[in-house]
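What follows is calculated from the coordinates using simple rules that are stated; it is not laboratory data. All values reported here derive from a predicted model rather than from experimental measurement. No Cβ is skipped: glycine too gets one built from the backbone with ideal geometry, and neighbour counts run over all protein chains shown.
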Amino acid sequence: MSLKIFNTLSGEKEDFVPLTPGEVRMYVCGVTVYDSSHIGHARSLLTFDTIYRYLKFSGYRVQFVRNFTDVDDKIIKKANDQKSSCETITDCYIEEFHRDAESLGLLAPSLEPRATLHIAEIIELIQKLEERQLAYRVDGDVFFSVPGFPGYGKLSRKRIDELEAGARVEIDERKKSPLDFALWKSSKAGEPSWESPWGPGRPGWHIECSAMSSKYLGQPFDIHGGGRDLMFPHHENEIAQSEGAFGLPLARYWMHNGLLTVNGEKMSKSLGNYFTIEEILQEHDPVAVRQLFLTSHYRSPGDFSKEALQEAGRAAERIYETIERIACSGINRQNTVADASLMSSFCQEMNDDFNTPRALALIFDEVRSLNRLLDAKQNDGIAERASALETMCEALGLLQDGPEAFFSRKKARWLRQQGFAEEEVQKAIAARDEARMNKDWREADRIRNELLAKGIVVEDTRGGTTWKVR
Ligand SMILES: [Zn+2]
């Protein structure tokens, strides 16, 4: 089965046929850099990281563009509040975003363009819309004329008359239709501003994505993605701008990830259920976060809770334990090819609109069977199946490093949480080793139990004594 993608535009799962065979051009709306990224951002980021990884895994060359919105009312407000400049604010949050992205184990996109570095392209696009009578000026501002674009509402399936009725609540007298939106805003004192044919000002939010996607990916390109909350009005407006200017479709497949609630509620700072990525990764492994999000389909609404995250962490740990167990079993893994039937089942699930919950079910079935085979010392076929397990996990980004790194991160988190130094554990283990050398079994057991009470499991291996966190 070839890859099928649910296209928001048609409301159906469609065969994925890229414009250029073997190549995929994908644009995903990025963050507005005025605050720390939260766990809701993490879901969207991990959704498109999974899609990016799987497209690459399937052999496509992928051109992946994810922007930074670095000019916006919220940025200006924050800069004013902190008596700082917009540039200082955006530079700081872009840096933080990169740190979060790296900690989450995201693959870097091919390009991360910033709106403020594409003002010339934005101006040019607005001029094209003026030429086509799709934009009009009012005192230094430029608006897009929604009634001039007949396809408006086709992505979110909204009807213009209903939208107009809703939009009348906050009326802007200068607009010809309440649905019209700003392409260019004249700047007030103290705001970032660029010279333009309409006087000094700055771009509206939506126009940057139209300008940057067409610059780097052409038009149409293959996949446009983002969170469901961006479908209207942001993506609808992107379509109106790009298709209005060029008379060509903007993107062929529109993908939207479902939104995330926290403990069943909408996330908000005032409810106290707002977690930044950094906060979460202080207490939990990045693989746990990925595992948690992969357990629900990207289009469904997701729910986040610390309990669910803990459980996801334990599930991920079972994968690493199994891989470690196979490595210690002495089974010869050289020149083994991943089990073909397992790999084909995996691809079948993933080709069905990236069905990660079912792909994960396969992975955990395999974890169970491998452990059963290892228990029974039936080593036949284990090498091929272990390679398949690793390949599947790698394709989903669950296995970016080996068990050693995973368990040492777990230890480091545990030591930090307990306020323990690793040397204290080592000292106790050395004392136990000495007791054992002196055949003082009682003392050795006492130390072992004392450590166990703290959650440390001591293991005697051929290579010496090691320890683990329970
Ligand atoms: Zn966008």
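Side notes on the structure shown:
- About the centre of its Cα atoms, the chain shows a dipole size close to 700 debye [charges on the beta carbon of Lys, Arg (+1) and Asp, Glu (-1) only; nearest 20 debye].
- With the convex hull drawn around the C-alpha atoms of region 420-469, the volume per residue stands at 67 Å³.
- Tail fraction, Cα-Cα pairs, region 18-262, threshold 23 Å, whole percent: 52
- Computed extension gain for ARG462 through ALA421, at 0.36 nm per residue and net of the alpha carbon distance, reaches 12.2 nm.
- The length gained on full extension between ASP445 and GLU131, counted as 0.36 nm times the residue separation minus their Cα-Cα distance, comes to 104.6 nm.
- Shape call, region 1-143: gyration tensor on alpha carbons, a/c limit 1.5: oblate
- Available extension along the chain between SER10 and ALA431 is 144.7 nm, counting 0.36 nm per residue and deducting the alpha carbon span.
- Rounded to 5, percent antiparallel among DSSP beta bridges of the chain: 50
- 29 Å Cα-Cα threshold exceeded, pairs from LYS158/LYS188; LYS128/LYS269; LYS128/LYS158; LYS13/LYS269: LYS158/LYS188; LYS128/LYS269; LYS13/LYS269
- On the principal axes of its alpha-carbon atoms, region 111-224 has extents of 40, 37, 25 Å, going from largest to smallest.
- Within region 232-288, GluC sites (Glu not before Pro) in DSSP loop having at most 10 other beta-carbon neighbours inside 10 Å: none
- Convex hull per residue volume in Å³, alpha carbons only, for region 315-465: 140
- Expected 222 nm ellipticity per residue - DSSP helices of 4 or more, -39500 (n - 2.57), all of the chain, to 500: -15000 deg cm²/dmol
- Simple spin-label estimate for ASP380 and GLU311 gives 3.8 nm between the two label positions (7 Å along the Cα-to-Cβ direction from each Cα).
- Estimated inter-spin distance, ASP303 and GLN282, nm [label 7 Å along Cα→Cβ]: 2.7
- Long pairs among LYS77/LYS266; LYS78/LYS266; LYS74/LYS266; LYS306/LYS427; LYS154/LYS215; LYS77/LYS185, criterion Cα-Cα beyond 27 Å: LYS306/LYS427
- Kirkwood Rh in Å, taken over the chain so that all alpha-carbon pairs contribute: 25.2
- Under 17 Å from a label point set 7 Å out along the Cα-to-Cβ vector of ARG157, the amide N atoms of region 6-27 belong to 6-14.
- Scattering profile of region 291-403 at q = 0.17, 0.19 Å⁻¹ [log10 I(q)/I(0), Debye over alpha-carbon scatterers]: -0.83, -1.00
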